[in-house]
Amino acid sequence: MMIIDTIENECIEVFRQIDRIALINQKKVLNAFRKNRISETHFHGTTGYGYGDSGREKLSQVFADIFHTESAIVSPAISGGTHAISLCLQGVLRPGHKVLSITGKPYDTLVSSIWGNRGGSLEEYGITFECLELLSNGDCDIAKMETLIANGEYTMLYVQRSRGYDWRSPLKTEDMRQLFSIAKRLCPQIIIMVDNCYGEFVGDLEPTQVGADLVAGSLIKNPGGGIAPTGGYICGNNELIELISYKLTAPGLGMEVGSYAYGYREFFQGLFLAPHVTAQALKACVLFTVAFSNMGYMTLPKAKEYPGDIISSIQFETESELVEFCRSIQSASPIDSFVIPYPWDMPGYEHKVIMAAGAFVQGSSIELSCDAPIKSPYRAYVQGGLTYEHARIAVEECVTRILGRSAK
Ligand SMILES: *Cc1c(COP(=O)(O)O)cnc(C)c1O
């Protein structure tokens, strides 16, 4: 039997769980489409101010229903996850406000929005952003959070669900439920905001179903289903979404304006496919972790563990092994398979970074992709996979190349 068949056999139980969650999420999405009576009309674009753009309005309402919130902003004018999250912070917070992150320092690309000196950071507006380090076991420091927020000093609690370039497990919805209920009991007015990137449709509940007030993410990750060409989403109650919409457009205009001449078909279609595509990416994640832990590498999640997001991390022993792995991912991609990635200095990152991305949508990480900072320990972060079959082919090729290399 081929090595890959053996690996696949070990995954069957987790795959079954993944299918079960995908079914729940597919129902959730389908019901939101039906409730909002989506039809061909809503695919059409508008121009100029975009007054009465029914596609824009319906798309937002479908997202709001899926995330169980009153309102949402879903827009191709949001350039990605960083922009969506930054809009939430800039829209809701005012000078003198304090934010407490309970998942350590936020994702690298947000640092400039919070502390940057190029103009427009929270710090420049007199907004304080404090970070509670995670405990050594990767859990949130609940005790410290309790003492800090009890006196009502903080306006917002900030939570990053996925791990970015940290070696920790993503936050599970059940842990969020517990954390958020403690936070709301101690400080009922605190706004709980979750960076939901890579977490959408991974479980049967979204953070806003377990007590979060605001979620934001990217449409070139899970909820775009690999079809949305760009964009971001934000879901929350009417009051918060209105404040944020004034940042996206202008105070007073909010979500009354905003056109997209190309239309919304791809956003609706991508969202409809998203539960299934996320399941494909989750299976890819499981397959990578089982394959590489069988070969003796450390992985996150651990082999056969149900993933908390669509990322799998593999720890290699040497830089050259890491680079070889990324090159195998690139060569297994449908686009630019002939390109050889090299480590390079990227703006916003401390170390050189190597990236493998052969995607239909530039930078799309719901498509199979991989990146790694060049520093010891040598960890690759693999994510996405539009189809399980593609991921299986890629795993097989990566394993063969790495094994071939070690045999030399
Ligand atoms: C990807 C990501 C972001 C930023 O999203 P972009 O679309 O790349 O701007 C923020 N937070 C986390 C945890 C992410 O994974």
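Quick look at the numbers
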quantity: Probe 1.4 Å - accessible area at residue 324, Å² to nearest ten; calculated: 40
quantity: Per residue accessible area of region 1-147, 1.4 Å probe, in Å²; calculated: 51
quantity: Among beta bridges that DSSP assigns inside region 106-242, antiparallel share in %, nearest 5; calculated: 40
quantity: FRET efficiency, 1/(1 + (r/R0)^6) with R0 35 Å, evaluated for residue 294 and residue 177 via beta carbons; calculated: 0.55
quantity: Sequence-separation-based contact order of region 156-268, relative, with Cα cut under 8 Å and 6+ spacing, percent; calculated: 19
quantity: Per-residue SASA entry for residue 169, accessible area with 1.4 Å probe, Å² rounded to 10; calculated: 50
quantity: Fraction of antiparallel bridges per DSSP, the chain only, in percent to nearest 5; calculated: 65
quantity: Estimated vicinal HN-Hα couplings, Hz - region 349-365 in sequence order (Karplus 6.51, -1.76, 1.60; Gly, Pro = x); calculated: 10, 6, 10, 4, 10, 10, 10, 10, 8, x, 10, 6, 10, 3, x, 5, 10
quantity: HN-Hα J in Hz across region 306-314 - Karplus 6.51, -1.76, 1.60, θ = phi - 60°, x for Gly and Pro; calculated: 5, x, x, 7, 8, 9, 10, 10, 10
quantity: Size-normalised alpha-carbon gyration radius of region 1-106, reference 2.2 N^0.38 Å; calculated: 1.57
quantity: Sulfur and carbon atoms: percent of accessible area, the chain [1.4 Å]; calculated: 53
quantity: For residue 175, solvent-accessible area (1.4 Å; no DNA, RNA or ligand), Å²; calculated: 70
quantity: Loop chymotrypsin sites (Phe, Trp or Tyr not before Pro), region 83-151 (other Cβ atoms within 10 Å of the site Cβ: 16 or fewer; DSSP); calculated: none
quantity: Within the chain: Cβ-based charge dipole about Cα centre, in debye rounded to nearest 20 (Lys, Arg +1; Asp, Glu -1); calculated: 360
quantity: Sequence of 320, 112, 136, 245 from largest to smallest accessible area, 1.4 Å probe; calculated: 136, 112, 320, 245
quantity: 265, 379, reordered so the largest accessible area comes first (probe 1.4 Å); calculated: 265, 379
quantity: Long-range HN-HN contacts of residue 367 with modeled amide H, under 5 Å; calculated: 385
quantity: Relative contact order of region 304-408, pairs being alpha-carbon contacts under 8 Å that are 6 or more residues apart, as %; calculated: 30
quantity: Between region 187-261 and region 8-56, the Cα center-to-center distance that results, in Å; calculated: 15
quantity: Cα-based reach from residue 27 at 16 Å (exclusive), listing aspartates and glutamates while leaving out same-chain residues under 8 positions away; calculated: 19, 65, 200, 204, 206
quantity: Within straight-line cross-link reach of residue 144, lysines at Cα separation under 27 Å, skipping those fewer than 8 residues along the same chain; calculated: 98, 105, 172, 184
quantity: Three-way shape label, region 282-390, alpha-carbon gyration tensor, a/c 1.5; calculated: oblate
quantity: Rounded, prolate or oblate (a/c below 1.5 giving rounded, otherwise prolate when a/b exceeds b/c) for region 330-408 by Cα gyration tensor; calculated: oblate
quantity: Amide proton proximity set for residue 141, modelled H, under 5 Å, gap of 5+; calculated: 135
quantity: Computed over the chain: relative contact order in percent, which uses C-alpha pairs under 8 Å that are six or more apart; calculated: 18
quantity: Span-like helix ranges in the chain, DSSP H, alpha carbon extent 30 angstrom or more, Kyte mean at least 0.5; calculated: 265-294
quantity: Region 67-76 - phi-based ³J(HN,Hα) in whole Hz, Karplus 6.51/-1.76/1.60, Gly and Pro as x; calculated: 8, 6, 10, 6, 8, 7, 10, 10, 8, x
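The values are calculated or read from the model by the stated rules, or taken from the named source; none is laboratory data. From a predicted model like this one, the values you see are computed outputs, not experimental measurements. Please note: Cβ atoms are built from the backbone with ideal geometry, for glycine as well, and neighbour counts cover all protein chains shown. Accessible surface is based on the protein model in full, side chains and every heavy atom, while ligands, DNA and RNA are left aside. Shrake-Rupley method; radii C 1.70, N 1.55, O 1.52, S 1.80 Å.
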